[in-house]
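Below you'll find the structure, written out as C-alpha cells, and then a few comments.
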Amino acid sequence: MLNLNQLVERPYDEGVAKQLMADGLHPVLSRVYAARSVVRKEQMDGALSGLLHYRTLKNIEAMAQRLADAVQAGERVVVIADYDADGATACAVAVRGLGLLGLPIRFWVPNRFIHGYGLTSEIVRMVADWEDKPEIILTVDNGMSSFDGVETAHELGTEVLITDHHLPGEQVPNALIVNPNQPGCPFESKHLAGVGVMFYVLLATRAELQARGVWPNGAPNLAQLLDLVALGTVADVVKLDENNRILVEQGLRRIRQRCACAGVNALFTVAGRQLEQAGASDLGFMIGPRLNAAGRLEDMSQGIACLLSDNEDDATQLAQRLHELNTERRAIEATMQDQVQAALQDNIDPASGYSMAVYDPTWHGGVVGILASRLKERYHRPVICFARGQGDEIKGSGRSIPGLHLRDALDWISKQAPGLILKFGGHAMAAGLSIPEFRFKEFVMWFEQAAQTFLTPQDLQTSIWTDGELAAVDMTPDLAQAIAEQVWGQGFPQPSFYGVFRVAQQRILKEKHLKLRLSQGMQHWNSILFNCHETLPETIHAVYQLDWNCYRDSAEVQLRISDWCAASG
C-alpha cells in the first residue's frame, strides 16, 4: 500500500530539458531523460558509432594479438564459461565470434553443484587430460578469483586468457586479463557485462586480423552477435549506462527485425512474446530467467546449446526444455518463499536489524539468489540466503540495497573475522560466498555489524521515485510507444508517474490481477494492477507506468499500476 510520504520526484535540470525539447524530443521525455543525466539528444540515438573504442580496455590489444596468432596457427582453444545467463551468452558470443574469425573452438561450463564457480584446478586438470588438449583456456564472465586454476594451468603448460567484469580483490591472477574493473584500466564504462567484454575482445581481434591482411574482401560482421550481447547485458542486471544502452538497443533492433539467432527466437516463442515488439523488459523478465533456469537447476550447457543452435527445430526443443525448467524453478522458489516467511514470523523481525541472513539445509542452491532478491525487494534490507554446499560448507547468494557495496562488505567481514568466509566474489548489488556451516550464526552477527557500519537509518527507508505528474493530454499513444521503444533497466529506470484517478470499473483477472478502468475528468484508460484481488475505493492515488499494450491485432495505452492508496474526498 502506497505511503504518500514515500513519494520522491526525480530532480532534473530544467535548462537541459529545454535544450532536449528544442532538439525535437517530446517534452515529457525531455524531463525524463534530463533526470537520468542525459544532456544531448545524440545520447539516445543508440547508434553503434557511439560505442566506446576497444583500445581503452587494458590488455585488449595484447589479447587480440594472441587470439589472432591462434587463428592463424590453428591452435586449440577452449572457453570456460560461468553458469548464469551472462556466462552463457558470453560463451555463445565467444564460440560464434571466434568461429566467424576462423577459429572453431570448444566450450565447457561447470555445473554449480559439482564443480563450483570459476576456473578451478580440477577443471584445468580435466581439460589437460583431453586427447586434443587445448593450448589456450579462455574464460568468459569468470576468472578474476581463479588463482589456483591459473597456476595449475601454468604448471601443465596451458595458457590462460581471462575475460571478466567482476570486481577484483587486492591481487589479480597471473594471466592476460581484459576486465574494465581491473586496476589501471581506463575504459570509461565500468559496467560492461561479461558478454560485453567478450564482444569487445572480438572487435579487437577482428581489427588485428584485418591489419594482418587476412580478409582482403572484407571482414566478418560481428553485429550479428548483438542479440546475444543484449540478452546477457540485461539478464545480468548491470547498469545500463550509455555504452550498455547502445549494445542493448542494437541487439533489440536485430531481434525485432527477425535477425536474431535461432535460440533467441525460440526462447521468445516459448515465452509467448512477439519478436517485433521485443523490449529490454522481455530480455530481463521473460527470456533471461528461462536461460538462467538451466544453470540453476541442471546444467547450463543446455542453455548454451540453445544459443548456438542454427536449426530451428533443435532450438525450439532446447528452448522448450528451458521453459520447463523455469516452470520448475518458479515452483521451487514459491515453496522456499513460504518457508522463509514462516521462519521470519517465528524467529526474525526484519525491521529490527539492518540486514537479513537466512539458511535452510533443504533449500535449492540454484534458487537462493532469487529468494534473496525477493526478500531484498520486500524488506529493503541487504539479504544473503544460504543453502547446503559441499561437505561442511554452505553457499550463500546475496543481494544488496543502495548504500551497501555487498562485495566490499564481505571483504570487510573477511578481514574482521579471518577464516569465516572461505571464498567470495561479486558486485556492489550481488555477491556469492561460502562459509562453514557451523559458523552460520557467527556470520549473521558479522553481516549485521557490516550493514550497521556502512548503512544509515535513512538508507533503510524505502522511497518511491517518480517522474512527477503526467497531464491527461500527454497520455497518448505516441508517448507510450516512444517509451516502449527505449531501453530501460538497471540504473536507467523506466519512467513512472503519479496521479489521482477515479476507479470507473474493476474486475478480477485469473483470480489474482485487477483489471481497471481509470478516469480523470472525461479521459479514461484501461489499467492493470498485478497481484491484487481486493476491491479498490472510488478514488485512488496511484504510481504507474505508461505502457503501450500490444495484444493480438490491437494496441492501446495502458496504465500499469505499481503502488496505490485511497484518496480522500
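What's the FRET efficiency of HIS154 with TRP215 using the Cβ-Cβ distance as r and R₀ = 35 Å, to the nearest 0.05?
FRET efficiency, HIS154 to TRP215: 0.55.
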Summed side-chain charge close to ARG407 - residues other than ARG407 whose Cβ falls under 14 Å, Lys, Arg +1, Asp, Glu -1:
0
With the 8 Å Cα cutoff and a minimum separation of six or more residues, the chain has a relative contact order in percent of 12
Would you mind computing, in nm to one decimal, how far apart the modelled labels at GLN274 and ALA342 are, each placed 7 Å from Cα along Cα→Cβ?
4.4
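Give the shape of region 30-121 as rounded, prolate or oblate, defined through the alpha-carbon gyration tensor: a ≥ b ≥ c are the square roots of its eigenvalues, a/c under 1.5 means rounded, and otherwise the shape is prolate if a/b is larger than b/c and oblate if not.
oblate
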In vacuum, with every alpha carbon of region 251-329 counted as one equal point scatterer, what does the Debye formula give for log10 I(q)/I(0) at q = 0.13, 0.16, 0.27 Å⁻¹? Two decimals, please.
-0.32, -0.49, -1.33
Would you mind ranking MET1, MET198 so that the residue whose beta carbon has the fewest other beta carbons within 10 Å leads the list?
MET1, MET198
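Once fully extended, how much extra length lies between GLN171 and ARG40, figured as 0.36 nm per residue of separation less the alpha-carbon to alpha-carbon distance?
Length gained, GLN171 through ARG40: 43.3 nm.
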Checked region 180-293 with the C-alpha gyration tensor, a ≥ b ≥ c its square-rooted eigenvalues, rounded below a/c of 1.5, otherwise prolate if a/b is larger than b/c and oblate if not; verdict oblate
Net charge within 12 Å of ALA387 by Cβ-Cβ distance, Lys/Arg positive one each and Asp/Glu negative one each, not counting ALA387 itself?
+1
What whole-number distance in Å separates the alpha-carbon centres of region 281-295 and region 455-478?
27
0 to 90° range, to nearest 10: angle between helix 312-347 axis and the chain longest Cα axis
60
The correct pair for region 467-566, radius of gyration to one decimal and Dmax as a whole number, both in Å and from Cα atoms, is 13.3, 36
Gain on full stretching of the segment that runs from GLU312 to ARG10 - 0.36 nm per residue minus C-alpha separation
104.2 nm
Hey, got the dipole for the chain? About the Cα centre, +1 on K and R Cβ, -1 on D and E Cβ, debye to the nearest 20?
780
With each label point set 7 Å from Cα along the Cα-Cβ vector, what nm distance links GLU328 and MET445?
4.0
Going by alpha carbons, how many degrees (0 to 90, nearest 10) lie between the helix axis of 368-379 and the longest principal axis of the chain?
30
Limiting things to C-alpha atoms, what are the Rg and the maximum Cα-Cα separation (Dmax) for the chain, in angstroms?
24.4, 79
Within region 458-535, list the GluC sites (Glu not before Pro) lying in a DSSP loop whose Cβ has at most 11 other Cβ atoms in a 10 Å radius.
GLU511, GLU534
May I ask which of LYS415/LYS441; LYS190/LYS423; LYS376/LYS441; LYS41/LYS239; LYS41/LYS376; LYS58/LYS239 have a Cα-Cα span longer than 25 Å here?
LYS41/LYS376
If you average the C-alpha positions of region 115-151 and of region 379-452 separately, how far apart do those two centres end up, in angstrom?
26
Efficiency of FRET between ARG560 and THR335 - r from beta-carbon atoms, R0 22 angstrom, step 0.05:
0.20
Can you tell me what share of the DSSP beta bridges in the chain is antiparallel? A percent to the nearest 5 is fine.
65
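Send over the semi-axes of region 352-499's equivalent ellipsoid, whole angstrom and largest first, taken as the square roots of 5 times the C-alpha gyration tensor eigenvalues.
Calculated on Cα positions only, the semi-axes equal 37, 17, 12 Å.
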Let me understand region 50-323 better: what is its radius of gyration from the alpha carbons, and its Dmax, in angstrom?
17.4, 51
Residue order, fewest to most surrounding Cβ atoms within 10 angstrom, among SER146, SER30, SER554, SER309:
SER554, SER309, SER30, SER146
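What ranking do 518-530, 401-413, 321-333 get when scored by the average of other Cβ atoms within 10 Å per residue, highest first? Display every interim value, and only then the final one.
Values: 518-530: 15.8, 401-413: 20.0, 321-333: 17.6.
Those peptides, ordered most packed to least, come out 401-413, 321-333, 518-530.
Highest first, please rank the peptides 230-236, 299-305 by the mean number of other Cβ atoms sitting within 10 Å of their residues.
Details: 230-236: 31.4, 299-305: 23.0.
Per-residue Cβ counts within 10 Å, averaged per peptide and sorted highest first, yield 230-236, 299-305.
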From fewest to most C-beta neighbours within 10 Å, the residues THR205, THR316 line up as THR316, THR205
Acute angle (nearest 10 degrees) that the helix 288-297 long axis makes with the longest principal axis of the chain, alpha-carbon atoms:
60
With just the Cα atoms defining each centre, how far is region 1-27 from region 226-254? Give it in Å.
25
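Read the figures in this text as sums done on the coordinates, not as results from a lab. Fair warning: this is a prediction, and the values are worked out from it, not measured in the lab. Virtual Cβ from ideal backbone geometry, glycine too; neighbours counted across all protein chains shown.
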